[in-house]
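Please see the structure below; I have some questions.
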Amino acid sequence: MELHNPLIKGTFILTVTGLLTRFMGFFYRIFLSHTFGAVQVGLYQLIFPIYALGYSATCAGIQTILSRSVASRLVQGRKKEARQLLYTGLLITLSVSCCFTIFLQKFAPFLAGSVLGDRRCEPLLVLLSYVFPFSAIHSCITGYCLGLKDTKIPSSSQLLEQTVRIFSVLVICQFLNHTEGSSGIWIAVLGLIFGEIASALYSLKCVRNKPGLHFLIPASLSLQQMFFDAKELIKLSLPLTGNRILLNILQSIEAVSIPASLLIYGLSTSDALSTYGVLTGMALPCILFPSALTNSASTMLLPAITEAQTQKNVQRIKKMIRSSLCGCIFLGTGCLAGFFLLGPALGRLLFHSSLAGEFIRTLSWMCPFLYANSALISIIHGLGKTGISFLLNTLSLFIRIIGVLYFTAYWGIPGYLHCLLASQIFLFVTGILYISYHLRQMLLSSHYST
């Protein structure tokens, strides 16, 4: 496969961008902890489940489906309809995000006190509510561009968003220090808003000005066409949205249930929280770091699979699936060997924790399945079977919930880690089986049609 291949080129651009933003975010977190202290940073982290839930509910599913639907229309030579999809997607996500903004502002006191357990989060949630309309614009244009296999706008807007977020926080902190104003972690939330505003405006400008991506609303755009497009986008995005929301709920359950289950197992409160912190703050980020490559490949794989499906080119789909899965499994196997052999040393070197090293070694067995699953889910989305991906992910998540609620209480943290591995193996096996079944059905359909 040559470098100018859109799939390879797009994966390379997204991977480089992902690594850069991860490094920037790493040092940004260090700056926040030094500037505001552990308590303030804890409050900042406490609002992120609400942020993730809002993003999932307002625009995450539409972004993925826009990418697939735009790719399908371009293959059929329906460029005008592809642009109309963007307008419809923007209308849907902006409407939903504005409703969520109003909801979050109205119920901020309840969410801060009863859900997050700290009323100091209330002003942070009110500020956070203004992020979502701009996130909606940014995510829709990102999905549209990925459907066109243009990764320059999504990657550059992502870098811009991270840069503006960090730079604005630095500037505001310096200004308040010179004027002796009162600072707080609300500055970091303000940085989120500025970053999303910058990326939304930049994306709009690029789509409007770039040749071939003119953002001009056609006079022929009818309400009937918008209704048809909205029906398609909503029908396909609802399973994805449900899956994202379920994942966020699971993460919230994990955050509460793992320490509680460890208490039942016999650990003290401090040991339970420490074990949970080592797992989620040290070991898992280390295991997930190489996924920057597989996630980028999966992002580009979705519109490519859709394009081949629209052309009814089963052989091309098979070739892409074979190449992507072999690459992910190869990377995962290499990471398995590296993390298994070097896990204890990495734990001591990076985190000064022997427990983190043990967790890294245990989690290393998950790497081949974890990295391949991102490609498998993207392939299923590209085939338009979002309901199937929702079902498989839901069943996989239930395995994790069982691990948290039952096995951790009896076997300690190893019980949860083994269920985590089991959930990834289940998702891998069922994903392979379904894709094989779907390809056989496509071959039979093309055989009978001829």
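The values are calculated or read from the model by the stated rules, or taken from the named source; none is laboratory data. Remember, it's a predicted structure, so these values are computed and weren't measured experimentally. Every residue, glycine among them, receives a Cβ derived from its backbone with ideal geometry; neighbour counts consider all protein chains shown. Only protein heavy atoms, including side chains, enter the accessible area calculation; ligands, DNA and RNA are left aside. Shrake-Rupley method; radii C 1.70, N 1.55, O 1.52, S 1.80 Å.
Here's the yes/no breakdown for (1) more than 30 Å from Ala112 (Cα to Cα); (2) modelled with pLDDT of 75 or more:
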{"residue": "Pro6", "(1), (2)": "yes, no"}
{"residue": "Gln45", "(1), (2)": "no, no"}
{"residue": "Ile50", "(1), (2)": "no, yes"}
{"residue": "Tyr87", "(1), (2)": "yes, yes"}
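Continuing with the same structure: When the residues of segment 266-279 are filtered to those that are open to solvent by less than 60 Å² (accessible area, probe 1.4 Å) and among the β-branched types (Val, Ile, Thr), which remaining residue is nearest to Phe359 (Cα to Cα)?
Ranking the candidates gives Val278 first.
So, one more: Confirm whether Ser67 is within 22 Å of the chain's Cα centre (by Cα), assigned to a helix (DSSP H, G or I) and modelled with pLDDT of 85 or more.
no
Find all pairs meeting these conditions: Cβ atoms under 6 angstrom apart; at least six residues apart or on different chains; first residue within segment 395-407 and without any contact (Cβ under 8 Å) to a residue 24 or more places away in the chain; second residue crowded, with 16+ Cβ neighbours inside 10 Å.
From segment 395-407, the pairs are Gly403/Tyr416; Gly403/Cys419; Phe407/Gly415; Phe407/Cys419.
Here's a follow-up. Out of (1) surrounded by fewer than 18 Cβ atoms within 10 Å (Cβ to Cβ); (2) at pLDDT below 75; (3) touching a helix residue (DSSP H, G or I) at 6+ places or on another chain (Cβ under 9 Å); (4) not in a loop (DSSP other than H, G, I, E, B), the odd one out for Leu284 is which?
(2)
Given the structure, is Tyr437 of a type in the set (Phe, Trp, Tyr) and more than 20 Å from Ile258 (Cβ to Cβ)?
Numbers: of a type in the set (Phe, Trp, Tyr): yes; more than 20 Å from Ile258 (Cβ to Cβ): yes.
Considered against the rule, which asks whether it is of a type in the set (Phe, Trp, Tyr) and more than 20 Å from Ile258 (Cβ to Cβ), Tyr437 comes out as yes.
Scan segment 408-434 residue by residue and report those that are free of Cβ contacts under 8 Å to residues at least 40 places away in the same chain and open to solvent by 40 Å² or more (accessible area, probe 1.4 Å).
His418, Ala422, Phe426, Val429, Leu433
For every residue, the table says whether it meets (1) open to solvent by 60 Å² or more (accessible area, probe 1.4 Å); (2) at pLDDT 90 or above.
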{"site": "Ile153", "(1), (2)": "no, no"}
{"site": "Ser156", "(1), (2)": "no, no"}
{"site": "Gln162", "(1), (2)": "no, yes"}
{"site": "Leu176", "(1), (2)": "no, no"}
{"site": "Gly181", "(1), (2)": "no, no"}
{"site": "Trp186", "(1), (2)": "yes, no"}
{"site": "His214", "(1), (2)": "yes, no"}
{"site": "Ser220", "(1), (2)": "yes, no"}
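Looking for whichever is more than 24 Å from Asp150 (Cβ to Cβ), modelled with pLDDT under 80, surrounded by 15 or more Cβ atoms within 10 Å (Cβ to Cβ) and touching a Ser or Thr at 6+ places or on another chain (Cβ under 7 Å) here; the options are Leu250, Leu240, Leu246. Which one fits?
Leu246
Take Gly191 and decide whether it is modelled with pLDDT of 80 or more and either in a helix (DSSP H, G or I) or basic (Lys, Arg) (or both).
yes
So which residues in segment 44-71 are open to solvent by 10 Å² or more (accessible area, probe 1.4 Å), more than 16 Å from His138 (Cβ to Cβ) and in contact with a Cys (Cβ under 8 Å, 6 or more places away or on another chain), if there are any at all?
Passing the criteria: only Leu46.
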